[in-house]
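**Q** Attaching a single structure in structure tokens format; questions to follow.
The values are calculated or read from the model by the stated rules, or taken from the named source; none is laboratory data. Because the structure is predicted, anything quoted here is derived from the model rather than measured. Here the Cβ positions follow ideal geometry from the backbone for every residue, glycine too, while neighbour counts run over all protein chains shown.
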Ligand SMILES: [Zn+2]
């Protein structure tokens, strides 16, 4: 089963093969760390985490090198640091730590590398110097600009004609630009902003050059896969590619360009609706991370996704159903550790997660209704398929008790133990009284062959 991926540059799905199967490289544009991450920014994290997992399964864990950068030089960071009266690294360290912890709650593995712009400054300056040497960049009034006229394929990735790219450039074209579409590689810092020395005067890098330099430093150019949100195609990725192609890389920058669609927010009427909670840091305190991960993958990654409370609820119920099947099959011993072929085939078809999810439900049905051999196989495949995509690794009991805090859990466990004693002593009124108390706590008790289990009612 070969992997096919949609390549934004080719504008079609094509078979993926890395340059070197022993060293598969992927880079995804990461966050600017000045605040908690918006759920819209978590979509590329989860989508490319799924791809990372698929690649690791295909080529081996240590063969896949995945870099996701952190932009820690930015106007918004400076503003926040000034507002709080602290150095910028206090802001960036705080929000990077929160970002990593929130993304791991969404089941995202840590990338192999997480380069930061402030730690890549020598490589950035070296990259710019090479562009200047190749006549692909020029210095003017303390700035260094990329010379878009030096690169004949400028606009090829986004498919935009030059006049449209010029119209999209800032309305007031700076006088030091040779061409309106030329973009900044280096610029003087404003008072109070962080500043670095360079051959062109003190200043700071532009955003696009950071990524090209971080890719080159962390992974080496060209890379196999470059990913990010669809909004990055122009100008960010167009500019990244132009830089890379003009800096001695034998005519190749990224072999596959992949972009995820937007998250759309309708107007949720009820202010208390979960659909109105947009920071991952807040969402993970209200909804299991696994349900948020499911919600982010419920549609195909290239399509826009309507984000609302109903979607989150639907995702939690989907996982209730799968964990419910696993809980009822607690005594079934899995007979395989391989994911189902249909599940893998769906992911290999340009990460078709909706199709892959449908296969998980098919496996759950087989687990409930099949004969003994079918159940054993279905359980193994369900767990292995889930593991591949970052799902179903919790204890089913723990999943259903995820809505209870520690104090409530302790109280429920004590009541259930008391009820077992009452029933053993044939004290039926007492058993019924305890059951009523549990119901009042919104706890549902299910008596099964292996004893009583419980969950908080939805
Ligand atoms: Zn980038």
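**Q** What number of residues in region 117-170 are out of contact with any helix residue (DSSP H, G or I) (no Cβ under 8 Å at 6 or more places or on another chain) and assigned to a strand (DSSP E or B)?
**A** The qualifying residues number 3.
**Q** Every residue in region 287-345 that is over 26 Å from residue 102 (Cβ atoms) and assigned to a strand (DSSP E or B), please.
**A** Once the filter is applied, which keeps residues that are over 26 Å from residue 102 (Cβ atoms) and assigned to a strand (DSSP E or B), region 287-345 yields nothing.
**Q** Could you say which residue among 261, 251, 275 is free of Cβ contacts under 8 Å to residues at least 12 places away in the same chain and away from the ligand (no atom under 16 Å from the Cβ)? Talk me through it step by step, then tell me what you get.
**A** Numbers: 261 fails: free of Cβ contacts under 8 Å to residues at least 12 places away in the same chain; 275 fails: free of Cβ contacts under 8 Å to residues at least 12 places away in the same chain.
Selected residue: 251, the only one of 261, 251, 275 that is free of Cβ contacts under 8 Å to residues at least 12 places away in the same chain and away from the ligand (no atom under 16 Å from the Cβ).
Here's the yes/no breakdown for (1) part of a helix (DSSP H, G or I); (2) surrounded by 17 or more Cβ atoms within 10 Å (Cβ to Cβ); (3) without any contact (Cβ under 8 Å) to a residue 40 or more places away in the chain:
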site: 392; (1), (2), (3): no, yes, no
site: 397; (1), (2), (3): yes, no, no
site: 426; (1), (2), (3): no, no, yes
site: 432; (1), (2), (3): yes, no, yes
site: 438; (1), (2), (3): yes, yes, yes
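**Q** Residue 323 is checked against (1) over 20 Å from the mean Cα position of the chain (by Cα); (2) buried (at least 23 other Cβ atoms within 10 Å of the Cβ); (3) within 16 Å of the ligand (Cβ to nearest atom) and fails just one. What number does that condition carry?
**A** So residue 323 meets the others, but not (3).
**Q** On to the next question. All but one of (1) in a helix (DSSP H, G or I); (2) closer than 22 Å to residue 105 by Cα hold for residue 351; state the number of the condition that does not hold.
**A** Result: residue 351 fails condition (1) only.
**Q** Let me ask you something else. Just checking, how many residues over region 63-75 are within 16 Å of the ligand (Cβ to nearest atom) and either more than 14 Å from residue 195 (Cβ to Cβ) or surrounded by fewer than 23 Cβ atoms within 10 Å (Cβ to Cβ) (or both)? Steps first, answer last, please.
**A** First, the residues of region 63-75 that are within 16 Å of the ligand (Cβ to nearest atom): 66-74.
Now restrict to residues that are either more than 14 Å from residue 195 (Cβ to Cβ) or surrounded by fewer than 23 Cβ atoms within 10 Å (Cβ to Cβ) (or both): 66-72, 74.
Qualifying residue count, region 63-75: 8.
**Q** Restricting attention to region 185-202, and to residues there that are outside any loop (DSSP other than H, G, I, E, B) and surrounded by fewer than 21 Cβ atoms within 10 Å (Cβ to Cβ), which single residue is farthest from the ligand (Cβ to nearest atom)?
**A** Narrowing region 185-202 to residues outside any loop (DSSP other than H, G, I, E, B): 185-187, 196.
When the remaining residues are screened for being surrounded by fewer than 21 Cβ atoms within 10 Å (Cβ to Cβ), the result is 187, 196.
On the way: 187: 17, 196: 19 Å.
Out of the qualifying residues, it is 196.
**Q** In contact with a strand residue (DSSP E or B) (Cβ under 7 Å, 6 or more places away or on another chain) and on the phi > 0 side of the Ramachandran plot: which single residue out of 206, 155, 159, 142 fits that description?
**A** Values: 206 fails: on the phi > 0 side of the Ramachandran plot; 155 fails: in contact with a strand residue (DSSP E or B) (Cβ under 7 Å, 6 or more places away or on another chain); 159 fails: in contact with a strand residue (DSSP E or B) (Cβ under 7 Å, 6 or more places away or on another chain).
Step by step, each of 206, 155, 159, 142 is checked, and only 142 is in contact with a strand residue (DSSP E or B) (Cβ under 7 Å, 6 or more places away or on another chain) and on the phi > 0 side of the Ramachandran plot.
**Q** A further question on this structure: Hey, could you check region 28-40 for residues that are assigned to a strand (DSSP E or B) and within 16 Å of the ligand (Cβ to nearest atom) and say which is modelled with the lowest pLDDT?
**A** Narrowing region 28-40 to residues assigned to a strand (DSSP E or B): 28, 32, 38.
In the following step, the residues that additionally are within 16 Å of the ligand (Cβ to nearest atom) were identified as 28, 32.
Numbers: 28: 98, 32: 91.
Once the filter is applied, the top-ranked residue is 32.
**Q** May I pose another question? If you check residue 119 against the conditions, is it within 16 Å of the ligand (Cβ to nearest atom) and either surrounded by fewer than 15 Cβ atoms within 10 Å (Cβ to Cβ) or under 13 Å from the mean Cα position of the chain (by Cα) (or both)?
**A** On the way: within 16 Å of the ligand (Cβ to nearest atom): yes; either surrounded by fewer than 15 Cβ atoms within 10 Å (Cβ to Cβ) or under 13 Å from the mean Cα position of the chain (by Cα) (or both): yes.
Here the answer is yes, as residue 119 does meet what is asked.
**Q** Out of (1) within 16 Å of the ligand (Cβ to nearest atom); (2) part of a loop (DSSP other than H, G, I, E, B); (3) farther than 19 Å from residue 233 by Cα, what's the single condition that is false for residue 25?
**A** Evaluating residue 25 over (1) within 16 Å of the ligand (Cβ to nearest atom); (2) part of a loop (DSSP other than H, G, I, E, B); (3) farther than 19 Å from residue 233 by Cα leaves (2) as the failure.
**Q** Check 313, 366, 359 and return the single one that is more than 25 Å from the chain's Cα centre (by Cα) and surrounded by 15 or more Cβ atoms within 10 Å (Cβ to Cβ). Before you say what the answer is, go through the steps one by one.
**A** Details: 313 fails: more than 25 Å from the chain's Cα centre (by Cα); 359 fails: more than 25 Å from the chain's Cα centre (by Cα).
Answer to the check: 366.
**Q** Now for a separate question. Working carefully through the options 376, 414, 410, find the one that is out of contact with any helix residue (DSSP H, G or I) (no Cβ under 7 Å at 6 or more places or on another chain) and either in contact (Cβ under 8 Å) with a residue 12 or more places away in the chain or not in a helix (DSSP H, G or I) (or both).
**A** Working: 414 fails: either in contact (Cβ under 8 Å) with a residue 12 or more places away in the chain or not in a helix (DSSP H, G or I) (or both); 410 fails: either in contact (Cβ under 8 Å) with a residue 12 or more places away in the chain or not in a helix (DSSP H, G or I) (or both).
That would be 376, the only listed residue that is out of contact with any helix residue (DSSP H, G or I) (no Cβ under 7 Å at 6 or more places or on another chain) and either in contact (Cβ under 8 Å) with a residue 12 or more places away in the chain or not in a helix (DSSP H, G or I) (or both).
**Q** Could you pull out the residue among 383, 392, 367, 360 that is out of contact with any helix residue (DSSP H, G or I) (no Cβ under 7 Å at 6 or more places or on another chain) and closer than 25 Å to residue 454 by Cα? Give the steps one after another, and end with the answer.
**A** Details: 392 fails: out of contact with any helix residue (DSSP H, G or I) (no Cβ under 7 Å at 6 or more places or on another chain); 367 fails: out of contact with any helix residue (DSSP H, G or I) (no Cβ under 7 Å at 6 or more places or on another chain); 360 fails: out of contact with any helix residue (DSSP H, G or I) (no Cβ under 7 Å at 6 or more places or on another chain).
When all the criteria are applied, what remains is 383.
**Q** Kindly check whether there is at least one residue in region 41-53 that is away from the ligand (no atom under 16 Å from the Cβ) and either free of Cβ contacts under 8 Å to residues at least 60 places away in the same chain or under 23 Å from residue 206 (Cβ atoms) (or both).
**A** yes
**Q** Scan region 208-247 for residues that are within 11 Å of the ligand (Cβ to nearest atom), in contact with a helix residue (DSSP H, G or I) (Cβ under 6 Å, 6 or more places away or on another chain), under 26 Å from residue 22 (Cα atoms) and assigned to a helix (DSSP H, G or I) and jot them down.
**A** Within region 208-247, 211, 212, 213, 240 meet the criteria.
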